[in-house]
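Computed from the coordinates by the stated procedures, all read-outs in this text should not be read as laboratory data. Because the structure is predicted, anything quoted here is derived from the model rather than measured. Cβ placement follows ideal geometry from the backbone for every residue including glycine, while neighbour counts extend to all protein chains displayed.
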Amino acid sequence: MPATDLGLYALTVLLWGTSWLAIKFQLGVVPLDVSIVYRFAAATVLMFVLCLAMRRRMRYSAADHGFMALQGVCLFSTNYFFIYSGSQYLTTGLVAVAFSTLVILNIVGGAVLFRTPMQTRVVVGAVLGIGGITIVFWPEIAAFDLSRQGTLGLGLALIGTCFASAGMLTSAWNQRKRGLPVFQGNAYSMLYGAIFIALLTLARGSTFVFDPAPAYVLSLLYLAVFATVAGFWSYLTLVGRIGPDRAAYTTVLFPIVALALSTWFEDFRWTALDAIGVVLVVLGNVVILTKRLPAWHTADTSPRSD
């Protein structure tokens, strides 16, 4: 993998891995769906300020806006709504395992949309990664029961994962087939996503309150600036460069980063089972990243940079 792609990969894992800790500071006074609105509203404002400051082209066709809206509704609103809703009934580990199925969804979706064969190395790497995550969180899986709330939570988390995959595949389509630049595409997609989640939140009757506590404000800024603006820019750029199947493996790695942070901040105790799971995740990462680029990754279909 070229150094640039490897840098984007590492940056995505780092930013999204640390975002799990920041999200914990969002819990409390402000409803979760309202916090999502604040996060993407702030990220949207920052994205447009940066686009204007860099004098990026901001005029696109109605069809382009339609695809950017689809990306925003799937990736910057609906998936968060369902995953956060499912998190109310599931442990963090079960949510991580459910979300790791994104790798399989992106492999299948990429093969359908871009007509590329499913590479054996990518499938093997994905299985290793999901297996490793499953082993790490096995105690939580073993304690899971198919109660009404448990089944509901798992279903919501999987629905959110499906929306996330749809959004990522839409971004790949926007870049590769429509030639839309990542930065402006993200700006408009976040705008549409923020509007959609705000309307959904209002429809649910959630109260728009704000917590001025430093922990809430600083974590919100971190999530908006780093986890959203920088994180999604690096990830979706990676999607356009190496494909949605390989890029999706970052979602298997960032729970490992989150666990590492838990070791320092939450006194998480590692076991032999955890070590085995991490080894499998890392091995899957090596398998996926050392494969050749897929056939649809060609220079003449790179996104516009205007």
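Here are some notes:
- Across VAL34, VAL286, VAL97, mean-square fluctuation computed from a Gaussian network of the chain (C-alpha pairs under 10 Å connected) peaks at VAL286.
- For the chain: Kirkwood Rh in Å [reciprocal of mean 1/r, alpha carbons]: 19.6 Å
- Sequence-separation-based contact order of the chain, relative, with Cα cut under 8 Å and 6+ spacing, percent: 40 percent
- Net dipole in debye of the range 3-297 [+1 Lys, Arg Cβ; -1 Asp, Glu Cβ; about Cα centre; nearest 20]: 1140 debye
- With the highest mean first, a sort of the peptides 239-245, 111-117 on other beta-carbon atoms found within 10 angstrom per residue produces 239-245, 111-117.
- Only one residue of PHE144, ALA275, LEU218 has its Cα farthest out toward the positive end of the dipole of the range 3-297, where Lys and Arg carry +1 and Asp and Glu -1 on Cβ, and that residue is LEU218.
- 3J(HN,Hα) along the range 11-21: 5, 4, 4, 5, 5, 6, x, 7, 5, 4, 5 Hz, from the Karplus curve 6.51 cos²θ - 1.76 cosθ + 1.60 with θ = phi - 60°, whole Hz, x for Gly and Pro.
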